[in-house]
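K.L.:
Quick one: the structure is below, and I'll ask about it shortly.
The values are calculated or read from the model by the stated rules, or taken from the named source; none is laboratory data. Just so you know, these numbers come straight off a predicted model, no measurement behind them. Every residue, glycine among them, receives a Cβ derived from its backbone with ideal geometry; neighbour counts consider all protein chains shown.
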Amino acid sequence: MTTEASTTRTIEIPRVLSVKELGDLMGVSPVEVIKELMKNGVMAAINQVIDFDTAAIVASDLGFEAVEAPATEQAAVAAEPASTRQVIEEDAAKLQPRSPVVTIMGHVDHGKTSLLDAIRETKVTAGEAGGITQHIGAYQVHVEDHEITFLDTPGHEAFTAMRARGAQVTDVAVLVVAADDGVMPQTREAIDHAKAAGVPIVVAMNKMDLETANPDRVKKELSDNGVVIEEWGGDTPLVPVSARTKEGLQELLENIIVVSDVLELKADPDRPAIGIVVEAALSKTRGPLATVLVKTGTLRVGDNVVVGETQGRVKAMQNESGKRIKSAGPSAPAEILGLQAVPRAGETLQVAPDEKTARATVIERIREREAAAMHQQQRVTLDTLYGEISAGKLRELNIILKTDVQGSIEPIRTSLERLSNEQVKVKIIHTGSGSITESDLMLAVASKGIIIAFNTGTEGGADRLAASEKVDVRHYSVIYNIVEDVDKALKGMLEPTFREVVTAHAEVRQVFKVSRRNSIAGAFVRDGTITRTDQARVLRNGAQVGAGRLASLKRFQEDVREVATNFECGLQVEGFDSFEPGDIVECFRIERET
Ligand code: GDP
């Protein structure tokens, strides 16, 4: 039961804690905490972990002022960003230029793998005498006095899946377009995915050795799809290449350098490393292996590390030439040995001061994940859109639009974009005809967008992902309805509304004092049914004298869930104890209007 906190007490709450721990901190029962959480729309079990923001709301509801507890030594590592979605705090004075990380994207069979192989062959093995090229998930090439790191898994699917996990490793996207085939559906997807991530594009117009190559057509189709090349006054370089004859490769690399120079990529090589897993596997002979791309800092053999939800000590590292290395600095890939379990691609690696801290951090991470899972419903949805806009949290509504036929895209796009207002911009980040794919869903997660489907369905597998990732997917068969719904959502008219439903009236007949500050009303239910979870107003001669949730509901000393019309009961109202015979207790509950 709530204790009347007349003076506000301040409590220190850690970044994440369990429901029970929060109750202990405030000296209230976990049930009380669970009730407060429910009031705020969060369903939580006693051992469930909640984050500081949620805990602070509950604390304040219960009369406490919450301040964030200073990070203890144990949590020192966890205080680092758990994902690169958050900005890594760096000491500006120590920053040094770092080399770019590149992902190759494009339509199937346009030559992504051939291009990666061609670059590797001409550049990697040449520099490493006696080295045998290993596939570790990424490799670095030297171009004059620069280096470039290529991710070895081509395609926008892997790129966006990583983003959806909060890891953006790619600095520059190389868009491969076969000169004999032009812009194809996956080329378009790749363009949209790169743009949604804000990653600059360098076009590699491949297969220039073919007679059928048609560069002008490629350039025009690119421009039709929003990629305007430098030659045409835009800012995207286009380099004609052939993965087969190796023509143009050097120029392609030089253009990547130029584009990345503009980005002024920097990192601090002297700090403990933070990296992203780009590939991981279990080796029968060597145990878990993970290729990590160092984002900042330097990773060294002997470092205690936390990777995703596992930990370990770096026993050995090797580079893409199979050479043992002792350290890996910013933008360098390294295959590491010594983790306790196989991490997932996209997970973050952080160096910990010692093993104990590493272990504590893993526990913290697991708890954070559980806490974050509770917030999943906070993904952008049309229902909650207005609230986010009003709170100033959302300035753009990202929409992925899938339609049955190509012809429907433009009219819908134009009508939706027209709905943009001063507060929020409606942005169609990707369109396509056909069913909703996993790649569309990942893009929605990564870009915090919603999916609008017009006369089209969802591909097998994608609907499961939609449910588990809680992406708002809306199906329509009338264009007008799409526009109307989005318009209403923007104006807050789609916001769910709540109404009060009166459940019962009870008349107080007797008052029993149970302690100095607590009394129970013996009442008779005149109409309706009182439920234990109801809220109540106490009315005296028609005027309200008190209100609160029911604190107890009893029949003959027994706690009960309900009491129906014409029955006697004992009840207490939270925060109110001055009942008088003749008072009317009006019970009600709040329901969401559908
Ligand atoms: P991906 O699906 O984009 O990875 O494409 P691949 O690299 O597997 O290449 C698809 C096909 O195109 C293969 O048969 C390659 O040999 C061929 N190919 C790739 N690059 C070139 C090129 O520059 N010229 C020619 N003529 N064929 C190429």
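K.L.:
Exactly one condition in (1) surrounded by fewer than 21 Cβ atoms within 10 Å (Cβ to Cβ); (2) part of a helix (DSSP H, G or I); (3) not small (Gly, Ala, Ser) is not met by Glu147; state its number.
P.N.:
With (1) surrounded by fewer than 21 Cβ atoms within 10 Å (Cβ to Cβ); (2) part of a helix (DSSP H, G or I); (3) not small (Gly, Ala, Ser) applied to Glu147, the lone miss is (2).
K.L.:
Applying the selection to region 210-238, what residues are farther than 20 Å from Ile104 by Cα and part of a loop (DSSP other than H, G, I, E, B)? Steps first, answer last, please.
P.N.:
So in region 210-238, the residues farther than 20 Å from Ile104 by Cα come out as 210-214, 216-217, 220, 224, 231-234.
Across region 210-238, the qualifying residues are Leu210, Glu211, Thr212, Ala213, Asn214, Gly233, Gly234.
K.L.:
Is it the case that region 432-443 has a residue that's under 22 Å from the mean Cα position of the chain (by Cα), part of a strand (DSSP E or B) and surrounded by fewer than 20 Cβ atoms within 10 Å (Cβ to Cβ)?
P.N.:
Step one: of region 432-443, the residues under 22 Å from the mean Cα position of the chain (by Cα) are 436-443.
Those left that are additionally part of a strand (DSSP E or B): 436.
From what is left, the residues that are surrounded by fewer than 20 Cβ atoms within 10 Å (Cβ to Cβ) are none.
No.
K.L.:
In region 166-199, what residues are of a type in the set (D, E, K, R), in a helix (DSSP H, G or I) and over 27 Å from Ala267 (Cβ atoms)?
P.N.:
Pass one, region 166-199, residues of a type in the set (D, E, K, R): 171, 180-181, 188-189, 192, 195.
Of the ones still in play, those that are also in a helix (DSSP H, G or I) are 188-189, 192, 195.
Those that are of a type in the set (D, E, K, R), in a helix (DSSP H, G or I) and over 27 Å from Ala267 (Cβ atoms): Arg188, Glu189, Asp192.
K.L.:
Could you please give the count of residues in region 153-172 that are out of contact with any His (no Cβ under 6 Å at 6 or more places or on another chain), farther than 16 Å from Arg344 by Cα and within 14 Å of the ligand (Cβ to nearest atom)?
P.N.:
Residues in region 153-172 being out of contact with any His (no Cβ under 6 Å at 6 or more places or on another chain), farther than 16 Å from Arg344 by Cα and within 14 Å of the ligand (Cβ to nearest atom): 2 in total.
K.L.:
Continuing with this model, one more query. Which residue pairs have Cβ atoms under 8 Å apart, sit 6 or more places apart or on different chains, and have a first residue in region 241-261 that is in contact (Cβ under 8 Å) with a residue 24 or more places away in the chain and a second that is of a type in the set (Ser, Thr, Tyr) and near the ligand (Cβ under 10 Å from one of its atoms)?
P.N.:
Ala243/Ser114; Arg244/Ser114; Gly248/Ser242
K.L.:
Among the residues of region 552-594, write down those that are at pLDDT 90 or above, small (Gly, Ala, Ser) and under 43 Å from the mean Cα position of the chain (by Cα).
P.N.:
Within region 552-594, Ser552 is the sole residue that qualifies.
K.L.:
Of all residues in region 296-333, which are of a type in the set (Ser, Thr, Tyr) and touching a residue at least 60 places away in the same chain (Cβ under 8 Å)?
P.N.:
At the first step, the residues of region 296-333 found to be of a type in the set (Ser, Thr, Tyr) are 296, 298, 310, 321, 327, 331.
Thr296, Ser321, Ser331 - these are the residues of region 296-333 that are of a type in the set (Ser, Thr, Tyr) and touching a residue at least 60 places away in the same chain (Cβ under 8 Å).
K.L.:
Inside region 179-210, can you point out the residues that are within 17 Å of Gly248 (Cα to Cα) and of a type in the set (Asp, Glu)?
P.N.:
Correct list: Asp180, Asp209.
K.L.:
Inside region 90-115, can you point out the residues that are more than 7 Å from the ligand (Cβ to nearest atom), farther than 23 Å from Gly198 by Cβ and of a type in the set (A, V, I, L, M)?
P.N.:
Of everything in region 90-115, just one residue is more than 7 Å from the ligand (Cβ to nearest atom), farther than 23 Å from Gly198 by Cβ and of a type in the set (A, V, I, L, M), namely Ala93.
K.L.:
Further question on the same structure: Confirm whether Ile400 is crowded, with 18+ Cβ neighbours inside 10 Å and in contact (Cβ under 8 Å) with a residue 40 or more places away in the chain. First the steps, then the outcome.
P.N.:
Numbers: crowded, with 18+ Cβ neighbours inside 10 Å: yes; in contact (Cβ under 8 Å) with a residue 40 or more places away in the chain: yes.
When the stated conditions are applied, Ile400 passes them.
K.L.:
Separate question: Is region 369-382 home to any residue that is more than 30 Å from Pro185 (Cα to Cα) and at pLDDT 75 or above? Outline the logic, then answer.
P.N.:
We begin by selecting, within region 369-382, every residue more than 30 Å from Pro185 (Cα to Cα); these are 369-378.
With at pLDDT 75 or above added as a condition, the list becomes none.
Checked against the condition, which is being more than 30 Å from Pro185 (Cα to Cα) and at pLDDT 75 or above, region 369-382 yields no hits at all.
K.L.:
Ok, one more. Any chance you could count how many residues in region 221-246 are surrounded by 14 or more Cβ atoms within 10 Å (Cβ to Cβ) and either away from the ligand (no atom under 13 Å from the Cβ) or of a type in the set (Asp, Glu) (or both)? If you could, list the steps in order and put the result at the bottom.
P.N.:
So in region 221-246, the residues surrounded by 14 or more Cβ atoms within 10 Å (Cβ to Cβ) come out as 221-223, 227-229, 234, 236-244, 246.
Pick out the ones that are also either away from the ligand (no atom under 13 Å from the Cβ) or of a type in the set (Asp, Glu) (or both) and you get 221-223, 227-229, 234, 236-238.
Qualifying residue count, region 221-246: 10.
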